[in-house]
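The next block holds one structure in the form of structure tokens; read it before the comments.
The values are calculated or read from the model by the stated rules, or taken from the named source; none is laboratory data. The shown structure was predicted, so the numbers you read here are calculated from the model rather than taken from an experiment. Every residue, glycine as well, gets a Cβ built from its backbone with ideal geometry; the counts of neighbours run over all protein chains shown. The protein model used for the area step is the full one, side chains on, heavy atoms only, and it has no ligands, DNA or RNA in it. Shrake-Rupley method; radii C 1.70, N 1.55, O 1.52, S 1.80 Å.
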Amino acid sequence: MLKDSFTFNSFSSNDLEASKKFYSETLGLRVVENEMGILEIQAGGSSQFIIYPKGEAHRPANFTVLNFEVKDIEKVVDHLTSKGITFEQYPEPMKTDEKGICWSTDDQPGPNIAWFKDQAGNVLSLIEE
């Protein structure tokens, strides 16, 4: 029944104007505020997600709500760092380096990944293809 349904992510923000600026200016995504006051954000291809206002009731997600697949994680981390983004630092088992990248190793298999937060405190990630 749902196998052919279109899906999209959604999460909240405590400041929609700040979210609009972060996602459009800092991350370079296409952002449109719709008639209901919800941000519709277009990423690569047909990927889209929405951010809705919660004001004082907003509680940032303490887990990853959105992943961006990238070809060169170090290049993207460097670019976003130059725009003021701070990447999260995690200890074992997902240990990150000084830039905030968790590199795949024999002891730590999986994709190369780096986590950062949006201006509302929601956790986002970069994952190298």
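The Kirkwood radius of the chain, taken over pairs of alpha-carbon atoms, gives through the Stokes-Einstein law at 37 °C and 0.692 mPa s a diffusion coefficient of 209 µm² s⁻¹. The angle between the Cα long axis of helix 73-82 and the main principal axis of the chain comes to about 60°, on a 0 to 90 degree scale.
If packing is taken as the mean number of other Cβ atoms within 10 Å per residue, what is the order of 105-113, 10-18, 119-127, highest first? Before the final figure, lay out the partial values.
Working: 105-113: 11.8, 10-18: 16.9, 119-127: 18.9.
Most protected by this proxy first, the peptides run 119-127, 10-18, 105-113.
Charged side chains reduced to their Cβ positions (Lys and Arg at +1, Asp and Glu at -1) give region 65-129 a dipole of some 300 debye around its Cα centre. In whole angstrom, region 49-97 maps to an equivalent ellipsoid with semi-axes of 24, 16, 12, each derived as √(5λ) from the alpha carbon gyration tensor and ordered largest first.
Computed extension gain for Met94 through Glu25, at 0.36 nm per residue and net of the alpha carbon distance, reaches 21.9 nm.
Compute the normalised compactness of region 26-69: alpha-carbon radius of gyration over 2.2 N^0.38 Å, N being the residue count. Before the final figure, lay out each step's value.
Working: Rg = 11.8 Å, N = 44, 2.2 N^0.38 = 9.3 Å.
Cα-based Rg divided by the globular estimate yields 1.28.
Could you tell me what percent of the accessible area of region 44-100 is made up of carbon and sulfur, with a 1.4 Å probe and every protein chain present?
52
For region 1-68, the dipole from Cβ point charges (+1 on Lys and Arg, -1 on Asp and Glu) about the Cα centre works out to 220 debye, to the nearest 20.
For the chain, report the accessible area per residue in Å² (1.4 Å probe, heavy atoms, rounded to an integer). Intermediate values should be presented prior to the final figure.
Values: 8060 Å² over 129 residues.
I get 62 Å² per residue for this part.
Label separation (Asp78 vs Ser47): 2.2 nm, computed from points 7 Å beyond Cα along the C-beta direction. Can you compute log10 of I(q)/I(0) for region 73-129 with the Debye formula, treating each Cα as one identical point scatterer, at q = 0.14 Å⁻¹? These q points yield log10 I(q)/I(0) values of -0.34.
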